[in-house]
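Quick note: the coordinates plus some simple rules give every number you see, no bench work behind them. Please read these numbers as outputs of a predicted model, since none were measured by experiment. Every residue, glycine among them, receives a Cβ derived from its backbone with ideal geometry; neighbour counts consider all protein chains shown.
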Amino acid sequence: MAIKTFEDIRRDLRNKIYYPIYLLQGDEPYYIDQLTDLLENTVLDEMEREFNQTVVYGKDCEVLGLISAAKRYPMMSNYQVLIVKEAQEIKAFFPKSKDDTDADAKDQASPLLHYLQQPLSSTLLVLRMKYKGLDKRGKLYKAIEKNGAVLETKKLYDDKLPQWIETYLSGKNTKITPKASLLMAEHLGNDLSRIANECDKLLINLKPGETIDLKHIELYIGVSKEFNVFEFQKALGRRDFLTSIKIANYFSANPKNNPIQVTMAVLYSYFSKLLLYHSLADKSRNNIAAALKVNPFFVDDYNTAGRNYSPDKLVSIITILREFDLKSKGLGSGGGDGDLLKELVYRIMH
């Protein structure tokens, strides 16, 4: 028993391999929620859940009461499931200070540690800690790691999101084009729960065997396949002034769906990658894709933009982007978002 991946724990649950303690913690709630749902819905059948499944919240928990519940034997079942949401609110896990109130936490930590060191095998104690985690050096963590399963979740980096989308849909026997997965990732951000919900929405509306492409993203998620930040950076890379201005005008007319701060962040990443592109000695397709962390499908776009912008010009553009990012946040003189974007296009291309 030790630190596990999401797939490890999910596979074990499907194979009815259970642990007396589950510590689900970290910054990505999607995986914590998915495993909690599995534990809630697959370990016990409907009748068993009536008597043997309990969900509590950390802020309402007294440690001795929690331990007493964990030590209870199941009724007419092999297991009981005890889920503690917001377990970080339990004082024993995170003493708030070193004043007198901390003594309560220490008093609670001792019996809790004793239980974690000798957990009841018929109880599945699930401790959920979103956006927080136990100190790996502490006795409580080490006891859980020794006797249970620990999941550490981290936010996915933006460049990994298109692949995550493709993998998620592949698991549901559906394909998506690289452009469509990139557009989804840029529009939805790195909230995996939101991305999964939007993917499920697409699946409901697909015909059997259909591949998700840009028209589906436009129709069911509401992102224009022609006027989006991906097409904006592509037009800038081609030095296509007319298309760039058209997209800037569209963004200006639809600020809620195209916030300028997000656009600035994407452009900063794009032109930074172009600068890195120029530093590569090996400009083979696979090496460019690996170094820039992009799908090989998009390498031709970077080759085109690399011919259009010298390293010196790119350094200047990155400086300009920083200047306009500050203006978009109200620092320094500047007009509305639409005027800023149009001026930005002009400054980038001249």
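What helices does the chain hold that run 27 Å or longer along their axis, going by alpha-carbon atoms, with a Kyte-Doolittle average of 0.0 or more, using DSSP H for the helix calls? Walk me through the numbers before you get to the answer.
Numbers: long enough: 260-279 (29 Å, 0.85).
The qualifying helices are 260-279.
Taking 2.2 N^0.38 Å as the expected size of a compact globular protein, what ratio does the Cα radius of gyration of the range 3-153 give against it, to two decimals? Display every interim value, and only then the final one.
Details: Rg = 14.7 Å, N = 151, 2.2 N^0.38 = 14.8 Å.
Computed over Cα atoms of the range 3-153, the ratio equals 0.99.
Search the structure for amide H atoms under 5 Å from the amide H of residue 81, placed 1.01 Å from N in the peptide plane, and list their residues when 5 or more places away or on another chain.
Amide H to amide H, under 5 Å and 5 or more residues apart or across chains, residue 81 pairs with 53, 54, 124.
Taking the mean number of other Cβ atoms within 10 Å as a proxy for protection, how do you rank 227-233, 51-57 from highest to lowest? Could the numbers behind the result be given before it?
Values: 227-233: 22.3, 51-57: 16.4.
The densest-packed peptide leads the list: 227-233, 51-57.
Out of every Cα pair in the range 165-221, what percent are spaced more than 20 Å from each other? Could the numbers behind the result be given before it?
Details: 139 of 1596 pairs.
Here the long-distance tail beyond 20 Å is 9 percent of all Cα pairs in the range 165-221.
How high is the relative contact order of the chain, in percent, counting Cα pairs under 8 Å that sit 6 or more residues apart? Numbers along the way, then the final one.
Working: 476 pairs, mean separation 56.4, N = 350.
Reported relative contact order: 16 percent.
Using only the Cα atoms of the range 229-349, what semi-axes does the equivalent ellipsoid have when each is the square root of 5 times a gyration tensor eigenvalue? Give whole Å, largest first.
Numbers: eigenvalues 134, 43, 30 Å².
Whole-Å semi-axes of the equivalent ellipsoid: 26, 15, 12.
Starting from the Cα of residue 241, move 7 Å in the Cα-to-Cβ direction to define the label point; list residues of the range 278-317 whose amide nitrogen is under 18 Å from there.
Those under the cut-off are 308-310, 317.
Given 228, 56, 87, which one lies farthest toward the positive end of the charge dipole of the chain, if we put +1 on the Cβ of every Lys and Arg and -1 on the Cβ of every Asp and Glu?
228
Return the inverse of the average 1/r over all pairs of distinct C-alpha atoms in the range 78-234, which is the Kirkwood hydrodynamic radius, in Å to one decimal.
So the Kirkwood estimate lands at 19.2 Å.
Taking N as the number of residues in the chain, what is its alpha-carbon radius of gyration divided by 2.2 N^0.38 Å?
On the way: Rg = 25.7 Å, N = 350, 2.2 N^0.38 = 20.4 Å.
That works out to 1.26 for the chain.
How would you rank 153-161, 247-255, 278-286, highest first, on the average number of other Cβ atoms within 10 Å across their residues?
Working: 153-161: 15.4, 247-255: 18.0, 278-286: 10.7.
The packing order, highest mean first, is 247-255, 153-161, 278-286.
Give the order of 43, 81 when sorted by the count of other beta carbons within 10 angstrom, beginning with the fewest. Can you show the working numbers first?
On the way: 43 21, 81 24.
Least to most surrounded, the residues fall as 43, 81.
What distance in nm separates the two pseudo spin-label positions at residue 313 and residue 191, each 7 Å out from Cα along the beta-carbon direction?
3.8
Convex hull volume of the Cα atoms in the range 118-185, per residue, in Å³?
Numbers: hull volume 8.8 nm³, N = 68.
So the per-residue hull volume is 129 Å³.
Taking 8 Å as the Cα distance limit and 6 or more residues as the minimum spacing, I'd like the relative contact order of the range 3-153 as a percentage.
The value is 42 percent.
For residue 42 and residue 10 in the same chain, what is the full-extension length gain: residue separation times 0.36 nm, less their Cα-Cα distance, in nm?
Values: separation 32, 0.36 × 32 = 11.52 nm, distance 1.08 nm.
Stretched fully, the residue 42-residue 10 segment lengthens by 10.4 nm.
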